């Protein structure tokens with residue numbers, strides 16, 4: 001009898017020891033851990049990565065102590081909670097529960113991508129691609145989707161002009177179409193009811209307004225000048241005058257892969273519907289993606305009689321109503337440039353940019 005009690009005691013002690021060992025192992029694997037040398041580490045799990053591969057990557061990167069134990073712990077204590085693909089960042093010491101929880105919730109790294117005013121859609125695509133967002137094929141495919149701009153015109157499908165410049169927070173797994181959709185929705189938010197009403201009061205379409213806004217964006221970086229520049233373009237359009245806008249020629253050359261960075265006088269004869277030296281009226285669509293100030297200027301321009309403007313040499317412009325005044329402004333601009341170049345030469349400084 002005493003022997004049986006002794007056996008039971010030994011079995012109980014063994015079970016307790018085993019339970020203590022398991023509890024110790026669980027506590028050890030759950031304890032906060034940092035096995036990487038830097039301040040943080042980023043790991044990307046592409047779609048299709050297996051559970052085993054995820055924990056192997058976590059262990060190799062120093063996020064968890066042991067791949068097999070971590071995977072076993074996940075399957076026992078987090079059974080039924082799916083791990084999500086994506087890019088994850090880990091900072092400092094974290095418990096295994098915290099690591100697993102983040103991947104289960106899909107708390108992926110979000111990248112801030114800043115798009116400046118006046119870029120073309122191709123330049124915008126390159127910025128996203130440069131940060132690992134999307135693929136060239138994805139952007140090309142999404143930019144041909146007619147449904148994205150059906151609210152502009154049933155047959156219009158060129159995104160140029162409607163990708164609003166801003167800072168966007170996206171993940172590497174964000175679908176390309178979703179990136180472009182967010183930029184277009186942002187455009188709709190900024191081109192709100194007030195601007196739409198002013199546009200409609202003037203009897204012009206949204207496409208015409210955005211096209212003029214793109215010209216304004218390319219012609220001046222001075223916010224206070226934008227409504228004035230817009231008024232010149234609308235005045236010329238009303239009178240049937242050619243717009244003669246240099247940026248439209250540059251855009252035409254770039255579209256055809258012929259822009260070399262320098263506009264020559266002979267380029268003004270380049271045969272393209274975007275060349276406003278050769279063809280009257282607006283180009284077929286915007287030549288860049290304008291910001292809010294240029295959109296506002298195009299929808300609600302200043303009231304002026306002016307038909308001409310010429311660069312002043314300091315980023316601003318001289319405005320003129322008559323061609324004779326315009327010629328005098330050109331001469332004044334030339335003298336200002338020559339004086340600036342002479343002063344720069346005397347001081348040994350480089351001449352001002354043209």
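All of the numbers you see were taken from the coordinates with simple rules; none came from a lab. All values reported here derive from a predicted model rather than from experimental measurement. Backbone-built Cβ (ideal geometry, glycine too); neighbour counts: all protein chains shown.
With only alpha-carbon atoms in the gyration tensor, what are the semi-axes of the equivalent ellipsoid for the stretch 187-253, in Å, largest first?
With the √(5λ) rule applied to the stretch 187-253, the semi-axes are 20, 15, 12 Å.
Name all residues of the stretch 282-308 having a backbone nitrogen under 15 Å from the label point set 7 Å from the Cα of residue 238 along its Cα→Cβ direction, giving them as ranges.
298-308
Between residue 93 and residue 335, what length in nm is gained on full extension when 0.36 nm per residue of separation is reduced by their alpha carbon distance?
The residue 93-residue 335 span can extend by a further 80.5 nm.
So what's the angle, to the nearest 10 degrees on a 0 to 90 scale, between helix 67-77 and the longest Cα principal axis of the chain?
80 degrees
How many nm separate the modelled label positions at residue 75 and residue 169, each set 7 Å beyond the Cα in the direction of the Cβ?
According to this spin-label approximation, the distance is 3.7 nm.
Between rounded, prolate and oblate, where does the stretch 241-283 land on the alpha carbon gyration tensor, with a ≥ b ≥ c its root eigenvalues, rounded for a/c under 1.5, else prolate if a/b exceeds b/c? Walk me through the numbers before you get to the answer.
On the way: a/c = 2.10, a/b = 1.61, b/c = 1.30.
In terms of gyration-tensor shape, prolate.
Let me test this: with uniform point scatterers at the alpha carbons of the chain, what is the Debye-based log₁₀ I(q)/I(0) at q = 0.15 1/Å?
Computed log10 I(q)/I(0) values: -1.22.
Does the stretch 260-337 come out rounded, prolate or oblate, given a ≥ b ≥ c as the square roots of the eigenvalues of its C-alpha gyration tensor, rounded meaning a/c under 1.5 and, failing that, prolate meaning a/b above b/c?
The shape class here is oblate.
Based on the Kirkwood radius over alpha-carbon pairs, what is the Stokes-Einstein translational diffusion coefficient of the stretch 105-171 at 4 °C with 1.567 mPa s viscosity, in µm²/s?
Rounded, D is 99 µm²/s.
How big is the stretch 100-221 on each of its three principal axes, counting only the C-alpha atoms and giving the largest first in Å?
58, 26, 26
At R0 = 41 Å, how high is the FRET efficiency between residue 153 and residue 30 if r is their beta carbon distance? Nearest 0.05 is fine.
The calculated FRET efficiency here is 0.10.
What three numbers, in Å, describe the spread of the alpha carbons of the stretch 205-304 along their principal axes, ordered from the longest?
Principal-axis extents of the stretch 205-304 (Cα, largest first): 35, 26, 22 Å.
Arranged by the count of other C-beta atoms within 10 angstrom, fewest first, what order do 309, 169 take?
169, 309
What distance in nm separates the simple spin-label points at residue 246 and residue 116, each placed 7 Å from Cα in the Cβ direction?
Those two pseudo-labels are separated by 1.7 nm.
Would you mind classifying the stretch 133-283 by shape? Square roots of the alpha carbon gyration tensor eigenvalues, ordered a ≥ b ≥ c; an a/c under 1.5 is rounded, otherwise it is prolate if a/b is larger than b/c and oblate if not.
Oblate is the answer for the stretch 133-283, as a/c is 1.5 or above yet b/c matches or exceeds a/b.
Cut-off is 10 Å between beta-carbons; in what order do 304, 174 appear when sorted fewest neighbours first? Mind dumping the intermediate values first?
On the way: 304 15, 174 19.
Ranked by crowding around the Cβ, least crowded first: 304, 174.
With a Förster radius of 41 Å, plug the Cβ-Cβ distance of residue 82 and residue 37 into 1/(1 + (r/R0)^6) and report the FRET value to the nearest 0.05. List each step's numbers first, then the result.
Working: r = 31 Å, r/R0 = 0.75.
After rounding to 0.05, the efficiency reads 0.85.
How large is the Rg to Rh ratio of the stretch 16-105 when both quantities use alpha carbon positions and Rh follows Kirkwood?
Rg/Rh for the stretch 16-105 comes to 0.97.
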